[in-house]
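Trainee: Can you read through this structure? Questions will come right after.
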Amino acid sequence: MVTLEDYKGQEPAWCPGCGNFAILNIIKRALTELEIAPHQLTIVSGIGQGAKMPHYMKCNTFNGLHGRTLPVATGLRMANHDMLVIAIAGDGDCYGEGGNHLLHAIRRNVNVKLFVHNNQIYGLTKGQASPTTTEGTITKTQPFGSLSSQLNPLAMAISLDCGFVARGFAGASGLPFLKEIMKEAIRHKGFALVDILQNCISFNKVNTFHWYKDRTYELPDDHDPYDRISAFQKSLEWGDTIPTGIFYRKDKKSFEEKIPGIKDTPLVLQPFSFSDAKMEISGN
Ligand SMILES: Cc1ncc(C[n+]2csc(CCOP(=O)(O)OP(=O)(O)O)c2C)c(N)n1
Ligand SMILES: [Mg+2]
C-alpha cells in the first residue's frame, strides 16, 4: 500500500498561509489513492515558488529552468512512457516564458499532466504581473497598472483542442474536488491541463484566498465536458463567479502512440549496444 509518508520530502519553505501547501498535500493524496508509488512518478518543474514542489516530495524529480518545464517533461515521457510525468509550473513559468512550449505540447498531445499553480502573479521574484494578472493591477514594476490583457488559459487550451482542460481551487472547500480532478487528469491518456487557483499571501493582495473562495463554484453535473462549444462558453466565465471542474475532454492518440519507434516498447526498455551506435566520419 502506498502511503503519504512514502512521499515525504523536505520541509517546505513557503510563506505561512500560501496556497502551495494545500496543492502539495492534495497531490500526495491523489497519488496515494491511485496507488502510484514514488518510483513510478517523475515530477518536473522550472523556477518559481510553486516550482519548488520537487524538493518537497520524495520521488523522481527534475527541477530545471524557468519556462522550460514542458520540454523536459516531454523528453522524459518520450524516453520512458511507463513513467507518470507530472509537470508543475507557475502561471509565469508556463503561460509567460514557457507559453510557446505549452502551445506545442498541447498540439502534440504529449502524455504529461500539467498542474499550474496559478496565483496570478510572479511570486518568487516578489510580485510582478504575470500573464494571468488582471489588466490594470498595480504592482511594483507596473505602477500604472498592468497594461496587458489577462490570459485565459482554459479558453486557449480548448481552442487548441487540448484533450483535458480543468480548473481547481486550492482552498479547503475546493480540495476534495481538486483531488478528483487531479486523479482524472492522471488517468487521462494524453496531455492534461489543470489550472489551480491559489493565493499568494505575500505578493497578490487582490486575488486573495477569500477572493477565490467567494467566487469559485463547481460545474454542475449536467455540464458535458465532451461538448466543446459549451466548454468554451464556460471557460469565458470569470468575474463574480468562477467555475471549477473538468471543462473539456477529448479522447485522441497521444504523442508516444504516434511514434512508430517507441509506441510498443518504451525507449528505456529497448536493447542497446555501443556497436549499434556507429559513428560515421565523413572523410575527404
Ligand atoms: C530564464 C529565466 N527567466 C526569468 C527568471 C526570473 N524568474 C524566476 S521565477 C519567475 C516568475 C515566477 O512566477 P511563477 O512562475 O508564476 O511562479 P510563482 O513564484 O508565482 O509560484 C521569474 C520571472 C529566471 N529565473 N530564469
Ligand atoms: Mg505565479
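The values are calculated or read from the model by the stated rules, or taken from the named source; none is laboratory data. The shown structure was predicted, so the numbers you read here are calculated from the model rather than taken from an experiment. Note that each Cβ is placed from the backbone with ideal geometry, even for glycine, and that neighbours are counted across all protein chains shown.
Trainee: Got at least one residue in the stretch 138-145 being surrounded by 21 or more Cβ atoms within 10 Å (Cβ to Cβ), among the small types (Gly, Ala, Ser) and at pLDDT 95 or above?
Mentor: No, that holds for no residue.
Trainee: Can you name the condition, by its number, that Val268 falls short on among (1) assigned to a helix (DSSP H, G or I); (2) under 30 Å from Thr141 (Cβ atoms); (3) touching a residue at least 40 places away in the same chain (Cβ under 8 Å)?
Mentor: Status for Val268: all satisfied but (2).
Trainee: Within the set of pairs 6+ apart or on separate chains, which have a first residue in the stretch 95-109 that is over 22 Å from Lys250 (Cβ atoms), a second that is of a type in the set (Val, Ile, Thr), and C-beta atoms under 8 Å apart?
Mentor: Hits for this filter: Gly98/Thr69.
Trainee: Given Ala157, Ala170, which one is surrounded by 22 or more Cβ atoms within 10 Å (Cβ to Cβ), more than 22 Å from Ala13 (Cβ to Cβ) and not hydroxyl-bearing (Ser, Thr, Tyr)?
Mentor: Testing whether each residue is surrounded by 22 or more Cβ atoms within 10 Å (Cβ to Cβ), more than 22 Å from Ala13 (Cβ to Cβ) and not hydroxyl-bearing (Ser, Thr, Tyr) leaves just Ala157.
Trainee: Among the residues of the stretch 109-124, count how many are within 16 Å of ligand 2 (Cβ to nearest atom) and surrounded by 24 or more Cβ atoms within 10 Å (Cβ to Cβ).
Mentor: So the count comes out to 10.
Listed here are the residues, each with its yes/no results for (1) of a type outside the set (S, T, N, Q); (2) closer than 23 Å to Ala129 by Cβ; (3) modelled with pLDDT of 95 or more; (4) in contact with a Phe, Trp or Tyr (Cβ under 7 Å, 6 or more places away or on another chain).
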| position | (1), (2), (3), (4) |
| --- | --- |
| Leu154 | yes, yes, yes, yes |
| Val165 | yes, no, yes, yes |
| Ala172 | yes, no, no, no |
| Leu175 | yes, no, yes, no |
| Lys183 | yes, no, yes, no |
| Ile186 | yes, no, yes, no |
| Ala192 | yes, no, yes, yes |
| Ile196 | yes, yes, yes, yes |
| Asn199 | no, yes, yes, yes |
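Trainee: Follow-up. Report, ordered by the first and then the second residue, all pairs with beta carbons closer than 9 Å, sequence separation of six or more or different chains, a first member in the stretch 80-92 that is among the acidic types (Asp, Glu), and a second member that is away from ligand 2 (no atom under 16 Å from the Cβ).
Mentor: Asp82/Gln40; Asp82/Pro266; Asp82/Val268; Asp82/Leu269
Trainee: Identify, please: which residue in the stretch 125-137 is among the hydroxyl-bearing types (Ser, Thr, Tyr) and buried (at least 17 other Cβ atoms within 10 Å of the Cβ) and is, among those, farthest from Leu103 (Cα to Cα)?
Mentor: Across the stretch 125-137, the extreme among qualifying residues is Thr137.
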